[in-house]
1. Using only the alpha-carbon atoms, what does region 26-117 span along each of its principal axes? Please give whole angstrom values in decreasing order.
2. Using just the helices of the chain, give the 222 nm mean residue ellipticity in deg cm²/dmol: DSSP H runs with n ≥ 4 each add -39,500 (n - 2.57), and the total is spread over all residues, rounded to 500.
3. Which distance in nm do the two modelled labels at GLN18 and ASN39 give, with both placed 7 Å along the Cα-to-Cβ direction?
4. For the modelled label position 7 Å from the Cα of GLU76 along Cα-to-Cβ, which residues of region 35-61 have backbone nitrogen atoms closer than 11 Å?
5. ILE84: net charge of surrounding residues, Cβ under 14 Å, Lys/Arg +1, Asp/Glu -1, itself excluded?
6. Helix 91-103 versus the longest principal axis of the chain: what angle, 0 to 90°, nearest 10, using Cα atoms?
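Every number in this text was worked out from the coordinates using simple rules, so none of it is lab data. Everything quoted here is computed from the prediction, not taken from an experiment. FYI the Cβ positions are ideal-geometry reconstructions off the backbone, even for glycines, and counts take in every protein chain you see.
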Amino acid sequence: MKRDPRSTGRLRRLKPRQRKKLRVGEFKEHCFDIELVFNAPMRGEPYHDFINDFFGFLEQRNLLGGGFGGREPFSETEGVIARIERGSPSEEDREAVVHWLRARPEVVDARAQEFKDAWHGHAV
């Protein structure tokens, strides 16, 4: 059985170096999920152009996206957004991503989920 690295008893026993390595306690990092719904099913070059533009926008904000796949044609997709460097995206980052996606003509709806632990998958 795998131990929960976030338990308070275990956190007290860990030294700062160990907490940093496990990304727990004061070193916890967050991410958030995004769900997209497209106007019309997308496939091939138009979808790849959209994703390249989206990832370019994320990189400008020092963010990284993952997922955003599935079976073609894509009528909807979802993925996860995190920071490129150590740390967590801000609430401002999350709002900016949703705003950018909703401004795109290909997207009907974009929803950001709540922040969650980027390394252990637990809700904040």
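1. So the three principal-axis extents are 43, 23, 21 Å.
2. -10500 deg cm²/dmol
3. 5.6 nm
4. Inside the label zone: 35-38.
5. Numbers: positive: ARG61, ARG83, ARG86; negative: GLU29, GLU59, GLU85, ASP93.
For residues surrounding ILE84, the net value is -1.
6. 10 degrees
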